[in-house]
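Enquirer: One structure, as structure tokens, below. Some questions next.
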Amino acid sequence: MERMFEWGGGVWGGVGLAALQVLAFMVVLLISLAFLLLMDRKVWAAVQLRKGPNVVGPFGLLQSFADFFKFVFKEIVIPAGANKTVFILAPILTLTLAFVGWAVVPVAPGWVIADLNVGVLYLFAISSLGVYGIIMGGWASNSKYPFLGALRSAAQMVSYEVSIGFVIITVLLLVGSMNLTDIVDSQAGGIWNWHAFLLRPDRILLFPVMFTMFVIFFISALAETNRPPFDLPEAESELVAGYQVEYSSTPYLLFMIGEYLNIVMMCAMLTILFFGGWHSPIPIPVGDMPDWLVSLGSFLMFAVKVIFFFFLFAMVKAIVPRYRYDQLMRLGWKIFLPTSLVAVILVSGYRVFTHQFGI
Amino acid sequence: MLLIAFYILSSVVVLSALFVIAARNPVHSVLWLICAFFTSAGLLVLIGAEFLAMLLVVVYVGAVAVLFLFVVMMLDVDFVELKQGFLSYLPAGALLGLALLAEIAVVAVAASSRAPSGTFDPKPGAATNAEALSKVIYTDNLLLFQLAGVVLLVAMIGAIVLTLRSRPHVRRQSAAQQTTRRRKDAVELIDVKPGQGL
């Protein structure tokens, strides 16, 4: 119990402090999201030899804020045949779940709102709930395209969760803990300790396995967040905009923020599970630097990695054509699932073997 | 604090369980059911069983209930027809409800007669949840655990066998065949002389 609610001293004082922390974290997250959104569009534009948004503010830096006001000031249209409560609840649920997941993400040593012992499972659980926002939105719209989009999305997210789960298990087997901070710290000391590039002498045999797992996790993360090339739930050539067809104004904005928060969350998970979290590729001697400087440096390292993955997500969106639905299912069930299952067996076998012989 | 949280969470569980049967729309029922599942995960966290709580969310809320919702959403529900059988099903339903109530009462009486054995510690020896659980599952109860796995495997194979149908005249995409296909297998370049045709 104590370990789960460690923040703060007295009960109500602790609650107040935690609320302040959460609020600050949310604000930082939302503001960085605004610029990440702009980055997404800029990268996309650069690939297509366009300039992208460049009117609002210097280099279009304030574009996301302009969009925000535009969304908020529009009229909320709710279709007459819609199930009103569920229709409004769906985007709120999406946004809430997207925020709730961030509670366990450690962004620097000790910089985490709730340092859960089951952090990875918590993240997995929350991301598996994300599908409800989409299903509810699609069903409550009471219209064909949203419903089809919601069904597609449900099947897709449930399928790719399975392989994501197995990939996470391989990492857990290597670390021996489900605490995200432990997972990050087990990758300290240089790029050869990161799970994506496991070149440490005693684990070099696992390098091909873990690198494959890293790639599988990246692709599954694309599918899990409905990003291109797996954006079938909102494939505009087939379903107009999928489950978002009937949404406008603020509810749509909530959906979009939730979606992008999930994407950034997946980038953070990639960083934590495979790219060593806040640890730098080459160990930097800390010496007698003050604590806050070390923390800040760690945070910047974490942020750089997350932005790198977000860049990859944006590039994939720009250059990869959309999958067909049966190809998507084939990839998930017939390729990723067996591969990750074999990887779990290999990694656990390796762990047992090395443990047995004390290598 | 713990007690307040417990009462809030458990009243939410009871209320949403009530709404599961009271809701007119089956989709709303499933949504309330999900709410009940999720809140009971919160109750598990309160007693310190966070591993079980997360498993409950992942398995029941994240997978099972999604499929429930999936199926119920696709039903074409006729509310009038749904209400019609109410009276004829009432005796059977009441009987079932009474049986369940009696069972709960028996359990409650039996549990209250047993003296409470101090505080309940889900994490003996300060091991983490998962560690404590796996120490029991993989040692003392290994056979039962493996048997449960076999039962699940059989159920899975059964489901596949029931739904598998081979349709002979369907053309399927074979990715391996597609990627190994070369130009000479598909296209032939013929130099057609004018006025001769092929």
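Enquirer: Before I look further, what does region A:44-156 give for accessible area per residue, probe 1.4 Å, in whole square angstrom?
Expert: Numbers: 5040 Å² over 113 residues.
Using a 1.4 Å probe on heavy atoms only, each residue of region A:44-156 averages 45 Å².
Enquirer: What is region A:40-95 by shape, rounded, prolate or oblate, if you read a ≥ b ≥ c off the alpha carbon gyration tensor as root eigenvalues and call it rounded for a/c under 1.5, prolate for a/b larger than b/c, and oblate otherwise? Numbers along the way, then the final one.
Expert: Details: a/c = 3.11, a/b = 2.34, b/c = 1.33.
Note, shape of region A:40-95 comes out prolate.
Enquirer: Within 10 Å of each Cβ of A:117-129, how many other protein chain Cβ atoms are there on average?
Expert: Values: counts 8, 10, 2, 1, 9, 6, 1, 4, 11, 4, 2, 7, 8.
If you average over the peptide's residues, the count of other-chain Cβ atoms is 6.
Enquirer: Here is a further query. Projected onto the charge dipole of chain B (+1 at Lys/Arg Cβ, -1 at Asp/Glu Cβ, origin at the Cα centre), which of B:Asn25, B:Leu52, B:Ile160 gives the Cα projection farthest towards the positive end?
Expert: It is B:Ile160.
Enquirer: Using a ≥ b ≥ c from the Cα gyration tensor of region A:11-134 (square roots of the eigenvalues), is it rounded, prolate or oblate, where a/c under 1.5 gives rounded and otherwise the larger of a/b and b/c decides, a/b for prolate?
Expert: It comes out oblate by the Cα gyration axes.
Enquirer: If you count, for every residue in B:62-70, the Cβ atoms of partner chains within 10 Å of its Cβ, what is the mean?
Expert: Values: counts 13, 5, 0, 2, 10, 3, 0, 7, 8.
Taking all residues of B:62-70 together, the mean is 5.
Enquirer: Just the number, please: buried accessible area between A and B, total of both chains, 1.4 angstrom probe, nearest 100 square angstrom. Let's see the in-between values first.
Expert: Working: alone 17350 and 16810 Å², together 31450 Å².
That pair hides around 2700 Å² of surface in total.
Enquirer: Quick one: pull the percent of accessible area on region A:250-359 belonging to carbon and sulfur, 1.4 Å probe, ligands and nucleic acids left out.
Expert: Numbers: 4050 of 5480 Å².
Percent of accessible area from carbon and sulfur atoms in region A:250-359: 74.
Enquirer: Here is a follow-up. Jot down the per residue volume, in cubic angstrom and as a whole number, of the convex hull over the alpha-carbon atoms of chain A. Can you show the working numbers first?
Expert: Values: hull volume 59.4 nm³, N = 359.
So the per-residue hull volume is 166 Å³.
Enquirer: For the pairs A:Lys74/A:Lys317; A:Lys51/A:Lys84; A:Lys305/B:Lys135; A:Lys144/A:Lys317, flag any whose C-alpha to C-alpha distance is greater than 31 Å.
Expert: A:Lys51/A:Lys84; A:Lys305/B:Lys135
Enquirer: For the pair A:Val47/A:Phe59, report the inter-label distance in nm, with labels modelled 7 Å from Cα in the Cβ direction.
Expert: Result: 2.0 nm between the two label points.
Enquirer: May I ask you to give the percent of accessible area on region B:1-100 that is carbon plus sulfur, with a probe radius of 1.4 Å?
Expert: On the way: 4950 of 6150 Å².
Carbon-and-sulfur percentage of accessible area, whole number: 80.
Enquirer: If you don't mind, another one. With n ≥ 4 as the cut-off for DSSP H runs, can you work out [θ] at 222 nm for chain A, using -39500 (n - 2.57) per run divided by the number of residues, rounded to the nearest 500?
Expert: Working: 12 runs with 230 residues, N = 359.
Theoretical 222 nm ellipticity from helices: -22000 deg cm²/dmol.
Enquirer: Taking θ = phi - 60°, what integer Hz values does the Karplus form 6.51 cos²θ - 1.76 cosθ + 1.60 yield along region A:253-266, in sequence order, with x for Gly and Pro?
Expert: For region A:253-266, the Karplus curve yields 4, 4, 4, 5, 4, x, 4, 5, 4, 5, 5, 5, 4, 5 Hz.
Enquirer: Which whole-Hz couplings ³J(HN,Hα) result when phi for each residue of region A:172-179 is put into the Karplus expression 6.51 cos²θ - 1.76 cosθ + 1.60, θ = phi - 60°, listed in order with x for Gly and Pro?
Expert: Per-residue couplings from phi come out as 4, 5, 5, 7, x, 7, 9, 7 Hz.
Enquirer: Continuing with the same structure: Of A:Leu36, A:Gln48, A:Phe69, which is farthest along the charge dipole of region A:34-75 in the positive direction, counting Lys and Arg as +1 and Asp and Glu as -1 at C-beta?
Expert: A:Gln48
Enquirer: Right, another one. At 1.4 Å probe size, with every protein chain present, just tell me what the per residue accessible area of region A:197-264 comes to in Å². Walk me through the numbers on the way to the answer.
Expert: Values: 2180 Å² over 68 residues.
Result: 32 Å² of accessible area for each residue.
Enquirer: Let me know the charge dipole size of the protein assembly as shown about its Cα centre in debye, to the nearest 20, where only the beta-carbon of Lys, Arg (+1) and Asp, Glu (-1) is charged.
Expert: Working: 34 positive and 31 negative charges, 362 e Å.
Rounded to the nearest 20 debye, it is 1740 debye.
Enquirer: Determine, from the Cβ-Cβ distance of B:Val109 and A:Glu75 and an R0 of 41 Å, the FRET efficiency 1/(1 + (r/R0)^6), rounded to the nearest 0.05.
Expert: Values: r = 59 Å, r/R0 = 1.44.
The value I calculate is 0.10.
Enquirer: Something else now. As a test of the formula, what do you get for chain B when each DSSP H run with n ≥ 4 contributes -39,500 (n - 2.57) and the sum is divided by the residue count, at 222 nm and rounded to the nearest 500 deg cm²/dmol? Write down the numbers at each step before the final one.
Expert: On the way: 10 runs with 132 residues, N = 198.
Here the helix-only value at 222 nm equals -21000 deg cm²/dmol.
Enquirer: Can you compute the modelled spin-label distance between B:Ala5 and B:Val71, with each label point 7 Å from Cα toward Cβ, in nm?
Expert: Roughly 3.5 nm, to one decimal.
Enquirer: Let me ask another. Dipole size in debye (nearest 20) for region A:164-275 around its Cα centre, Lys and Arg Cβ +1, Asp and Glu Cβ -1?
Expert: Numbers: 3 positive and 10 negative charges, 107 e Å.
That gives region A:164-275 a dipole magnitude of about 520 debye.
Enquirer: Put +1 on the Cβ of each Lys and Arg and -1 on the Cβ of each Asp and Glu in the protein assembly as shown; which of A:Thr225, A:Leu20, A:Phe353 then has its Cα farthest toward the positive end of the dipole?
Expert: A:Thr225
Enquirer: Read phi for every residue in region B:146-154 and hand back ³J(HN,Hα) as whole Hz from Karplus 6.51 cos²θ - 1.76 cosθ + 1.60, θ = phi - 60°, with x for Gly and Pro.
Expert: 5, 5, 4, x, 5, 4, 5, 4, 4
Enquirer: Where is the GNM fluctuation largest for chain A (alpha-carbon springs, 10 angstrom cutoff): A:Ala318, A:Ala98, A:Ala66?
Expert: Of A:Ala318, A:Ala98, A:Ala66, the Gaussian network model singles out A:Ala66 as fluctuating most.
The values are calculated or read from the model by the stated rules, or taken from the named source; none is laboratory data. Model, not experiment: these values are computed from the prediction. All Cβ positions, even for glycine, are placed from backbone atoms using ideal geometry, and neighbour counts span all protein chains on display. We work out accessible area using only protein heavy atoms, side chains counted, and drop any ligands, DNA or RNA first. Shrake-Rupley method; radii C 1.70, N 1.55, O 1.52, S 1.80 Å.
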